[in-house]
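The structure under discussion appears below in the form of structure tokens.
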Amino acid sequence: MHPYMTLADGTQVVHSDLIPDEDGGRVLVHFERPTEDGFDSVRFELPSYKIEVWEGSYTDEELAKFRQFLECNSHLLYGYAAQGGLKIA
């Protein structure tokens, strides 16, 4: 998994490499934030935006915001995933 961004509430956003498939590839995007008891985490699969894993106390409203975030950033995430992550000098 490669780091992509840290949101204002401390949620870390990371993504996989491009996973080849018959439709041109997919990317896993994981959101995780620390809590007093561990972590809240959810993993989405692109391009379907399907939730793969969900643990903790993210609300339906937060999940909807994550989907919207992914809709706005999916083209970037695919590009970085194909390159093996964001290249920072």
> If we scan region 8-28, do we find a residue that is open to solvent by 50 Å² or more (accessible area, probe 1.4 Å), touching a residue at least 12 places away in the same chain (Cβ under 8 Å) and more than 21 Å from residue 80 (Cβ to Cβ)?
Replying inline: yes
> If you go through region 50-59 one residue at a time, how many are open to solvent by less than 70 Å² (accessible area, probe 1.4 Å) and either within 18 Å of residue 71 (Cβ to Cβ) or in contact (Cβ under 8 Å) with a residue 60 or more places away in the chain (or both)?
Replying inline: 2
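Taking strands (runs of 3 or more DSSP E) that fall entirely within the chain, which contain at least 2 residues that are among the aromatic types (Phe, Trp, Tyr)? Outline the logic, then answer.
Working: elements: 2-6, 12-15, 27-35, 38-46, 50-55.
By residue number, 38-46.
Scanning region 35-49 for residues that are among the hydrophobic types (A, V, I, L, M, F, W, C) and open to solvent by less than 60 Å² (accessible area, probe 1.4 Å), which turns out farthest from residue 66 (Cα to Cα)?
Of everything passing the filter in region 35-49, 46 is farthest from residue 66 (Cα to Cα).
The values are calculated or read from the model by the stated rules, or taken from the named source; none is laboratory data. Every value quoted in this text rests on a predicted model; they were computed, and no experiment measured them. Neighbour counts are summed over all protein chains in view; Cβ atoms, including those assigned to glycine, are modelled from backbone coordinates with ideal geometry. For the accessible areas, the whole protein counts, side chains as well, though only heavy atoms, and no ligand, DNA or RNA atoms are used. Shrake-Rupley method; radii C 1.70, N 1.55, O 1.52, S 1.80 Å.
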